[in-house]
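Some notes on the structure that comes next.
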Amino acid sequence: MASPVLHGLAGAGLAYAMAGGKGLPLFASGRKTGGYLLAGAALACLPDVDYLPGLLRGYLNTTHQQATHSLAWVLLAAFGIWLLGRAVQPAWFGKRTLALLLVLIGSHLAIDWVTADHFAPYGFPLWFPFSEARTLGPAWLPAWEKTALADLARGNNLRTLGIEFGAGLAFEAGCAAAKRGWTRRGSAL
C-alpha cells in the first residue's frame, strides 16, 4: 500500500483543485492556501488511522487495511466530519464540501487500489461490512516495506518513497493545471 507521502500530496492537490474560485493562487500566500493543502493532505491520509494500534504494538500491519479501508467507512467519516462542520460553521459546510470530503477520503482507497501489496492481509475490504472479500487492482506503484518504523530507512523504501514523491508532485501539478483551466473558463468545480 502507498505511504502517507503519496496520499498527502494527492490530497493536497485535490483540495487545491476543488477549493472555490480564483481566490486561491497556488504560490500567493501560505496563509491563504496552506490550510487547504494541509487539510486535504490530512483527510486523504485519514483511512491510515488504523496504523495507530500497530504502532503501539511494534508491528505496523497489526490492524492495517481493515474497516477504515472500505467505502462504508469513507461515507461515515466524510458525513461525520461534514455534520460536525455544519454544527460549527454552517456556511462553509454545504453540499460542495461534502463532495470534497468524499473525494479526499476516497482518494486513499483509489491510490491503495493501484499500489502493490507485499504483506498480509493482501488488498483491502472495499465492501465491508457487506463482504469480507478483499480487493486489489493493478500494481502500478511499488509498495513500501512497513512492518516496523525501523524499516522506513531501508534502501528499497527510500526508492519507493522517491517514486511516490515524484508521482505525488506530478499529480499536484496536474491538479494545479486543471484548476487554472477551469478558472480561466469559469468557476472551479
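We did not get these values from a lab; they are worked out from the coordinates using the rules stated. Every value quoted in this text rests on a predicted model; they were computed, and no experiment measured them. Backbone-built Cβ (ideal geometry, glycine too); neighbour counts: all protein chains shown.
Kirkwood analysis of region 95-144, using all unique Cα-Cα pairs, places the hydrodynamic radius at 12.0 Å.
Of the options LEU109, ALA143, MET1, report the single residue whose Cα projects farthest towards the positive end of the charge dipole of the chain (beta-carbon charges: Lys, Arg +1; Asp, Glu -1). Towards the positive end, the residue furthest out is LEU109. A protection proxy built from the mean count of other Cβ atoms within 10 Å ranks the segments 65-73, 125-133, most packed first, as 65-73, 125-133. Computed on the chain, the Cα convex hull volume stands at 135 Å³ per residue.
Shown here: region 107-189, whose C-alpha atoms stretch 47, 39, 21 Å along the first, second and third principal axes, sorted largest to smallest.
Across region 51-140, Cα-Cα pairs farther apart than 21 Å form 41% of the total. If only the Cβ of Lys and Arg carry +1 and only the Cβ of Asp and Glu carry -1, the dipole of region 4-185 around its Cα centre is close to 980 debye. Give me Rg over Rh for region 58-107, both radii from the alpha carbons and Rh done the Kirkwood way, two decimal places. That ratio is 1.12, to two decimals.
For LYS95, LYS146, what's the fewest-to-most ordering of other Cβ within 10 Å of each Cβ?
Placing the least packed residue first, the sequence is LYS95, LYS146.
Dipole orientation for the chain: of the candidates VAL88, ALA170, GLY40, VAL88 has the Cα lying most toward the positive pole (charges on Cβ; Lys, Arg +1; Asp, Glu -1).
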